[in-house]
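Reading through the structure tokens given below for one structure.
Laboratory data are not the source of any read-out in this text; all were calculated from the coordinates shown. Values in this document were obtained by computation on a predicted structure and should not be read as measured data.
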Amino acid sequence: MAVEEATKACELTGWKNPGYIDTLSCAYAEVGDFDQAIRWQKKALEDPSYQREEGENARAKLALYGKKRPFRE
């Protein structure tokens, strides 16, 4: 369900909101689809403002996904 909701949010914003794309990556990681989690986290990191504001956390998430682990606060 979370993947579908996050995908819808991304679609509604034309895939231009990196925060929603980050949420999508987290949702994929939660369901164990780490390839998609990595794909979308990398996409979120393409946004310069997102990279400035969230880069350290986003790269930490990417590292977790590479180890097949979801992000949990």
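If the cut-off is 22 Å between C-alpha atoms, which lysines fall inside it for LYS67, apart from same-chain ones fewer than 8 positions away?
LYS42, LYS43
Relative contact order for the chain using alpha-carbon pairs under 8 Å, separation at least 6, rounded to a whole percent?
28 percent
Just the projected area, averaged over all directions, of the convex hull on the alpha carbon atoms of the stretch 2-66: how many nm²?
3.7 nm²
In sequence order, what are the phi-derived ³J(HN,Hα) couplings for the stretch 53-68 according to the Karplus relation 6.51 cos²θ - 1.76 cosθ + 1.60 with θ = phi - 60°, rounded to whole Hz, with x for glycine and proline?
7, 10, x, 4, 5, 5, 5, 5, 4, 4, 5, 4, 4, x, 9, 6
How large is the helix-only mean residue ellipticity at 222 nm for the chain, computed as the sum of -39500 (n - 2.57) over DSSP H runs with n ≥ 4, divided by its residue count, in deg cm²/dmol to the nearest 500?
Roughly -24000 deg cm²/dmol at 222 nm, from the helical runs in the chain.
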